[in-house]
């Protein structure tokens, strides 16, 4: 059974009010006739998972009988399109970049709220607590005191011990040092130094979000399976104009193979 923390709205629902883009953050919307339509936002898993868990038979309202505890944050929604676009909130420095610094301080606040408000983090040292973090470089820069204990659901399974940011988007470079005397007198990178981005056996890898109408011909919903000799799932653009280090060369390798082997003609 899973207990869902009722976090302050600053960490989830209120961010939906601050966003400036209707298609961001949520997995569904409503048209002028009040009909539901599905979105395909890659980060929409945050709101989808929260909603799905809220109505799940595995949810419990009694924390004393819970096996796991879930802290529902909409942190990728904060990263975009709230941070740097809305007037706030800011997390421990009045400068917009790097965005991961604000994200790390955000989660640090959530962890401290959980620890101070209810006794369950302390009961097992956070080992039964779950955080969802589906942004580009996953949990690489999450605060060590939370990451080393809690379970993280992430799509980024990087295993390097001494990792540095590989983002192709400068504001997301988590290796960028920041010291701001009034709000953050020590380099923020001390918060995450020394831990992996993904720990097998503790964390779980999840795919980037795709709306359910993408699977209408899936065998999982009863459609007869198609015989395939190639299985590939890739979410995003191939990135022929992207910097190679952003995907560690995977995008460029896929593009080269697709062109050389004429994948479009063979498999479409």
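Values for this structure:
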| quantity | calculated |
| --- | --- |
| Matching label, semi-axes √(5λ) of the Cα gyration tensor in Å computed from the structure shown, candidates (i) 36, 22, 18; (ii) 31, 22, 20; (iii) 31, 25, 20 | (iii) |
| Expected 222 nm ellipticity per residue - DSSP helices of 4 or more, -39500 (n - 2.57), all of the chain, to 500 | -6000 deg cm²/dmol |
| Virtual paramagnetic centre 7 Å along Cα→Cβ of residue 30, amide N under 15 Å, in the range 38-66 | 38 |
| Estimated FRET transfer efficiency (residue 245, residue 97; beta-carbon r; R0 25 Å; 0.05) | 0.85 |
| Stretch gain in nm, segment residue 122-residue 253, where the contour uses 0.36 nm per residue and the Cα spacing is subtracted | 42.6 nm |
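Any read-out appearing in this document is the output of simple, stated calculations on the displayed coordinates, not a laboratory observation. Please read these numbers as outputs of a predicted model, since none were measured by experiment. Please note: Cβ atoms are built from the backbone with ideal geometry, for glycine as well, and neighbour counts cover all protein chains shown.
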